[in-house]
1. Looking at Glu129, Glu123, can you tell me which residue is in a loop (DSSP other than H, G, I, E, B), closer than 20 Å to Lys99 by Cα, modelled with pLDDT of 90 or more and not hydroxyl-bearing (Ser, Thr, Tyr)?
2. When you scan region 92-127, how many residues do you find that are more than 24 Å from Glu48 (Cβ to Cβ) and exposed (fewer than 11 other Cβ atoms within 10 Å of the Cβ)?
3. If Glu12 satisfies all but one of (1) over 28 Å from Val130 (Cα atoms); (2) out of contact with any strand residue (DSSP E or B) (no Cβ under 8 Å at 6 or more places or on another chain); (3) at pLDDT 95 or above, what's the number of the condition it fails?
4. Return the residues of region 122-147 that are of a type in the set (A, V, I, L, M) and either touching a residue at least 40 places away in the same chain (Cβ under 8 Å) or closer than 28 Å to Met81 by Cβ (or both); say none if nothing qualifies.
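The values are calculated or read from the model by the stated rules, or taken from the named source; none is laboratory data. Computed from a predicted structure; not experimentally measured. We place every Cβ from the backbone using ideal geometry, glycine too, and count neighbours over all the protein chains shown.
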Amino acid sequence: AIQDHDFNSFAELTMKDSDQFHAVCLDTHPPIFYLNDKSRNVIALVHELNRISIAQSGSYVAAYTFDAGPNPVIYSLERNMKEIVNMIATYFPLSSPFKDNFTVFRPGDLVGEMPLTPGFNSEVTTKFEVGALKDLIHTKIGEGPQVLGSAHTLLDETGMTKAGL
């Protein structure tokens, strides 16, 4: 799916893989609980957004997975990022302004207060209190791993933290 740039297949496989992993965790004895209420609500939001998109265009808008715990990682194509960030911020109001490093929003846009996608079932989950999510980070795929010189390290030659950090 990745090699073919097929986001629909990637989204479906990613979410199924994540769901199956967490199902196995719950099926152990004693069960392992990586997901929490916030995690499950993000899953519900992504599925609701995808429900609308699939009905309208036959394609996924977003995919979720979880990286070592209850913190969701949401994948999407760039064109859908504004809709997804706004949706997450609507249900998980941020305690500080969204750091829009990629200019997804226009000046004056109120992240989390803009209308949701038409047809979105606002009852799919409840809205959480301000700050229920510690942060919302938007990043892009980069150039991959790079070898950096010693000027970019956090430790000095002795293994101690560099002065001034």
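1. Details: Glu123 fails: closer than 20 Å to Lys99 by Cα.
The match here is Glu129.
2. 7
3. Failed condition: (2).
4. Applying the first criterion (of a type in the set (A, V, I, L, M)) to region 122-147 yields 124, 130, 132-133, 136-137, 141, 147.
Val124, Val130, Ala132, Leu133, Leu136, Ile137, Ile141, listed by residue number.
Let's see how each residue does on (1) in contact with a helix residue (DSSP H, G or I) (Cβ under 9 Å, 6 or more places away or on another chain); (2) in a loop (DSSP other than H, G, I, E, B); (3) under 23 Å from Val111 (Cβ atoms); (4) modelled with pLDDT under 95:
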site	(1), (2), (3), (4)
Ala23	no, no, no, yes
Leu26	no, no, no, yes
Tyr34	yes, yes, no, yes
Val46	yes, no, yes, no
Ser53	yes, no, yes, no
Tyr64	yes, no, yes, no
Met81	no, no, yes, no
Ile84	yes, no, yes, no
Ser95	no, yes, yes, yes
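To keep it simple, each residue is scored yes or no on (1) crowded, with 19+ Cβ neighbours inside 10 Å; (2) among the small types (Gly, Ala, Ser); (3) under 24 Å from Ile137 (Cβ atoms).
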{"position": "Asp4", "(1), (2), (3)": "no, no, no"}
{"position": "Phe7", "(1), (2), (3)": "yes, no, yes"}
{"position": "Ser18", "(1), (2), (3)": "yes, yes, yes"}
{"position": "Pro30", "(1), (2), (3)": "no, no, no"}
{"position": "Lys38", "(1), (2), (3)": "no, no, yes"}
{"position": "Val46", "(1), (2), (3)": "yes, no, yes"}
{"position": "Ala55", "(1), (2), (3)": "no, yes, no"}
{"position": "Tyr60", "(1), (2), (3)": "yes, no, yes"}
{"position": "Asp67", "(1), (2), (3)": "no, no, yes"}
